[in-house]
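Report on one structure; see the data block that follows.
Only the coordinates and a few stated rules stand behind these numbers; no lab work does. As the structure is a prediction and not an experimental result, all values here were calculated from the model. With ideal geometry, Cβ positions are generated from the backbone for all residues, glycine too; neighbour counts draw on all protein chains shown.
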């Protein structure tokens, strides 16, 4: 299937996302540290990539050892775009889903909140992710890229006709990574990037083409260590804004001239922390798009991430009304200080 992105009459988007489109399946176990499956290293907070045959075995194992909780669309950039579109921004997504029930579910969730899905290829199998939570709300994610990502090169892209800000996150498959690199090199503008563990684990040399085209970087301390570059070295590559995501410790903004640290919000009940970082990203780039300072945008990101903990997957995402209410609050709060 071939999709054209070069129609000059296409609408102008606020944001365009690019990255893996997964169908997330949530399970709960008693204790992640006690979960053993073949030679798989299962650590709280980590993420791994599995081939489809091993993933399906792992899924059957979880059906016996864990409790099924919930399922929904996922993927880092996909979650971010889902939130932004929910809040009223005009968004589209570039990616792939399979010609299966999982792919249908991914598209239906996007379309429900108004994401333009014209640029999503439908072919083969959808990428899947098993999200395992334990009683302490630690989580482990196993991702299995779908064969649909091999069809990404069917897209004939004239991306510079889309007057939008681009937000990238990882693809787990080699074909997805090569496609995204091609898109990256064709863009005249810089992007925002959340490399996640998948890209961070591939190291500095792999990531350099992405980092050199990045304006805004979202990253964790673990990912920084895996990449092997300091904040100063990243800024020297031309990245102008770095947002360090620190989970329950909040977040820090870095530029060559500024450092701003803000704490996380206290949440009474944590249901699921999967995707919290993606909703942090959405809050930040929404704030910047609205003309907020980096401090205001950081505050909006922390608010969005914190409240996402109240539900599984996308159930915790701020509604449009909640987002607009907090935007007004942040504006007033900063006017008074």
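Things to note:
- Sorted from longest to shortest, the spans of the Cα atoms of segment 96-143 along the three principal axes equal 40, 25, 16 Å.
- Separation of the residue 206 and residue 257 label points, Cα + 7 Å toward Cβ, nm: 3.6
- Per the Kirkwood formula applied to alpha carbons, segment 86-166 shows a radius of gyration over Rh ratio, Rg over Rh, of 1.05.
- Interatomic Cα distance distribution for segment 1-167, bins of 5 angstrom, percent: 2, 9, 17, 19, 17, 14, 10, 7, 4, 2, 0, 0
- Residue 156 paired with residue 39, simple spin-label distance in nm, labels 7 Å along Cα-to-beta-carbon: 4.5
- Normalised by residue number, the volume inside the convex hull of the Cα atoms of the chain is 127 Å³ per residue.
- Alpha-carbon centroids, segment 80-102 and segment 133-187: separation in whole Å: 12
- The chain: calculated mean residue ellipticity at 222 nm from DSSP helix runs of at least 4, using -39500 (n - 2.57): -11000 deg cm²/dmol
- Cα principal axis extents for segment 203-277, largest first, Å: 40, 27, 18
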